[in-house]
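Participant: First, the structure itself, so that you have it in front of you.
The values are calculated or read from the model by the stated rules, or taken from the named source; none is laboratory data. Because the structure is a prediction, the values reported are computed rather than measured. Note that each Cβ is placed from the backbone with ideal geometry, even for glycine, and that neighbours are counted across all protein chains shown.
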Amino acid sequence: MPESRPAPTSLSRRELLAGAAALAVPSGTPGTPGTPGTLGTPLGTPLGTLGTQGTPGTVLFANTTVVVTVDDVRHDVSLAVEGDRIAAIGTAAELQQRYPQAQVYDGRGKALIPGLINCHAHLAQTLSRGFNEDYGFPNSYQLAVSPTSLLSREEATLMAVVGAIEALKTGSTTVVENVGGTMNTAAALAATGLRWVFAESATDRVGGSPMSPEQLAKSGPPEFSQKMREEGLQRITALHSAWHGKENGRVSVFPAAGLAENSSPELLTAVRAFADKHDLGYTIHLSQSRAEVEYVRKHHGMSPVGFLAKHNFLGPRLFAAHCRYVDAADIALLAKSGTIVTHQAAMAGNRGVIPPIPALRAAGVPIAMGTDNNTTDLFEVMRVALITERVRRDDEFPGVRPQPEDVLEDATLGSARAVRQQRMLGTLEIGKKADILVLDTQRIHLVPAVRIISAWIHNGQPNDIESVMVDGRFVMRDRKVLTVDEPRLIADADRIGKRVWAAVQKQTPIVVPGRRRK
Ligand SMILES: [Zn+2]
């Protein structure tokens with residue numbers, strides 16, 4: 001990737017601030033934890049004053065359907081939120097008597113669903129929508145200039161916020177942002193109101209981008225850099241000190257090794273040691289391409305999973321992204337170690353792969369879910385996961401397993417386990433955090449909404465989500481995002497993206513591959 005200075009931008013700081021309250025951090029102190037929105041942005045609403053939009057602390061969702069767990073769906077009940085927690089589930093009469101001051105949310109024709117947890121995202125890649133989906137992995141199109149190199153730091157943050165708001169509107173209440181350099185975007189992301197796991201990523205192979213067939217063909221043994229490793233570990237330490245546990249525990253910081261093919265044994269050891277020391281999860285990209293698997297076999301003499309096992313990186317704190325090209329021996333190692341696999345079904349399908357999820361499940365490997373890049377729509381991921389797993393199973397009597405409840409469980413409780421918050425997240429049981437989606441079930445594609453989980457997974461649309469609560473606060477209400485000025489954000493992102501891609505295409509015209517022309 002060519003080194004390039006960020007291009008001058010026509011976007012003023014004032015415009016950026018107007019576009020996203022999330023960006024309301026004092027200039028010159030990127031990444032400083034603080035009260036979001038305290039600068040009083042022109043158009044953004046300071047999250048700190050949102051509360052629960054009414055009587056602070058108590059909301060009563062009345063006369064509604066509650067998906068307490070995927071196997072416990074209750075109709076015509078009420079659910080009370082007190083502070084950041086689910087306080088009670090009962091009849092409307094009972095709860096109104098118990099919480100007479102509560103703000104009442106009319107739940108008739110609605111269903112409350114546990115917030116989805118996206119275990120693998122690269123938010124700023126929203127910039128590459130419409131480009132990164134159609135050239136394989138790693139992207140085979142050789143651009144003379146990297147699009148991200150044409151973004152200023154503030155523009156890159158804005159693109160990450162775009163990904164965050166898409167996540168919110170498509171049902172995620174928690175997102176694992178897996179990238180290096182989150183200190184630059186942390187304040188803006190925290191201010192969106194979502195729950196975050198910042199998986200700060202380190203790598204130490206010199207020249208290390210994801211392995212491609214071309215690189216593999218000419219590759220020599222990996223050269224590892226102590227300097228890169230130490231720089232990465234310093235970033236992890238600094239982000240953890242600044243952000244872990246902040247915002248009422250809404251922000252966590254985990255360490256990550258970037259990719260199996262780009263990690264030395266020393267890096268793997270250091271990342272795991274950091275997680276063990278601070279009682280955290282950790283993550284890595286694992287077995288995501290054939291080139292990666294062949295490269296690790298060529299230079300380490302074993303599969304990527306075997307390489308991680310040899311260096312004691314597998315284990316119940318690890319949630320490994322992808323595992324698309326794992327064999328029976330790999331699956332046995334993953335299962336024995338208690339490693340969790342996060343499944344990015346939509347991106348896998350996009351790359352033309354269906355990972356061996358049935359075999360992983362059969363071996364007892366816990367499954368979580370994520371989106372990967374370009375889009376952060378985890379709702380779509382659940383549907384693709386269900387369909388592709390049914391195809392991959394190739395059952396004698398197909399079309400029965402998995403069920404919608406299975407994929408919803410993976411995207412909620414399964415993902416909660418991956419981020420080590422299953423006691424707080426993943427279901428709507430009493431005592432858990434109030435991370436709640438309010439679904440409008442009175443939609444032409446959902447009625448009759450008798451078995452709502454199935455109706456929603458098979459036929460639903462993200463726009464069915466009417467409101468989203470995170471940590472007891474509404475961050476979207478009646479389809480209006482309350483933490484950023486969404487129309488402004490869209491306009492800014494579109495303008496910035498068009499400028500960047502015009503500049504990119506000036507140097508490298510983009511031709512769509514594989515199209516048959518008359
Ligand atoms: Zn990824």
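Participant: Tally the residues that are within 16 Å of the ligand (Cβ to nearest atom), aliphatic (A, V, I, L, M) and part of a helix (DSSP H, G or I), restricting the search to the range 243-268.
Facilitator: Qualifying residue count, the range 243-268: 1.
Participant: So, one more: Is it the case, given these coordinates, that Glu177 is of a type in the set (Asp, Glu), crowded, with 20+ Cβ neighbours inside 10 Å and touching a His at 6+ places or on another chain (Cβ under 9 Å)?
Facilitator: Yes; evaluated as a whole, the condition is true for this residue.
Participant: Filtering the range 281-297 down to residues that are touching a residue at least 24 places away in the same chain (Cβ under 8 Å) and surrounded by fewer than 21 Cβ atoms within 10 Å (Cβ to Cβ), which residue is nearest to Ser252 (Cα to Cα)?
Facilitator: Arg290
Participant: If you don't mind, another one. Please name all residue pairs, on different chains or six or more residues apart, with Cβ atoms under 9 Å, provided the first residue is in the range 99-124 and is modelled with pLDDT of 95 or more and of a type in the set (S, T, N, Q) and the second residue is in a loop (DSSP other than H, G, I, E, B) and within 16 Å of the ligand (Cβ to nearest atom).
Facilitator: Qualifying pairs under 9 Å: Asn118/Gly370; Asn118/Thr371; Asn118/Thr376.
Participant: Name the single residue, out of those in the range 323-362 being of a type in the set (S, T, N, Q) and within 16 Å of the ligand (Cβ to nearest atom), that is farthest from Ala411 (Cα to Cα).
Facilitator: Checking each candidate, the answer is Asn350.
Participant: Then there's this: Can you tell me which residue among Ala238, Ala270, Ala217 is more than 22 Å from His300 (Cβ to Cβ) and more than 21 Å from the chain's Cα centre (by Cα)?
Facilitator: The match here is Ala238.
Participant: Please pick out the residue among Val484, Val447, Val468 that is crowded, with 23+ Cβ neighbours inside 10 Å, modelled with pLDDT of 95 or more and in a loop (DSSP other than H, G, I, E, B).
Facilitator: When all the criteria are applied, what remains is Val484.
Participant: Shifting gears a bit: Among the residues of the range 450-465, what is the count of those that are assigned to a loop (DSSP other than H, G, I, E, B) and either touching a strand residue (DSSP E or B) at 6+ places or on another chain (Cβ under 9 Å) or among the basic types (Lys, Arg) (or both)?
Facilitator: 2
Participant: If Lys506 satisfies all but one of (1) in a helix (DSSP H, G or I); (2) within 24 Å of Gly163 (Cβ to Cβ); (3) among the basic types (Lys, Arg), what's the number of the condition it fails?
Facilitator: Status for Lys506: all satisfied but (2).
Participant: For the range 231-238, state whether one or more residues are closer than 23 Å to Asn118 by Cα, modelled with pLDDT of 95 or more and crowded, with 16+ Cβ neighbours inside 10 Å.
Facilitator: Within the range 231-238, one or more residues are closer than 23 Å to Asn118 by Cα, modelled with pLDDT of 95 or more and crowded, with 16+ Cβ neighbours inside 10 Å.
Participant: Follow-up. For the structure I just gave you, tell me whether Met382 is within 22 Å of Leu318 (Cα to Cα), hydrophobic (A, V, I, L, M, F, W, C), within 16 Å of the ligand (Cβ to nearest atom) and not in a loop (DSSP other than H, G, I, E, B).
Facilitator: no
Participant: Since Thr283 meets every condition but one in (1) within 16 Å of the ligand (Cβ to nearest atom); (2) in a helix (DSSP H, G or I); (3) among the polar types (S, T, N, Q), which condition does it not meet?
Facilitator: (2)
Participant: Would you check if there is a residue in the range 288-309 being away from the ligand (no atom under 15 Å from the Cβ) and under 20 Å from the mean Cα position of the chain (by Cα)?
Facilitator: No.
Participant: Checking the conditions here, which among Val271, Val326, Val305 is β-branched (Val, Ile, Thr), farther than 15 Å from Val197 by Cα, out of contact with any His (no Cβ under 7 Å at 6 or more places or on another chain) and not in a helix (DSSP H, G or I)?
Facilitator: Matching residue, one of Val271, Val326, Val305: Val326.
Participant: Considering every residue within the range 84-93, establish whether at least one is under 27 Å from Thr192 (Cβ atoms) and at pLDDT below 95.
Facilitator: Within the range 84-93 (the criterion being under 27 Å from Thr192 (Cβ atoms) and at pLDDT below 95), the answer is no, since none of the residues qualifies.
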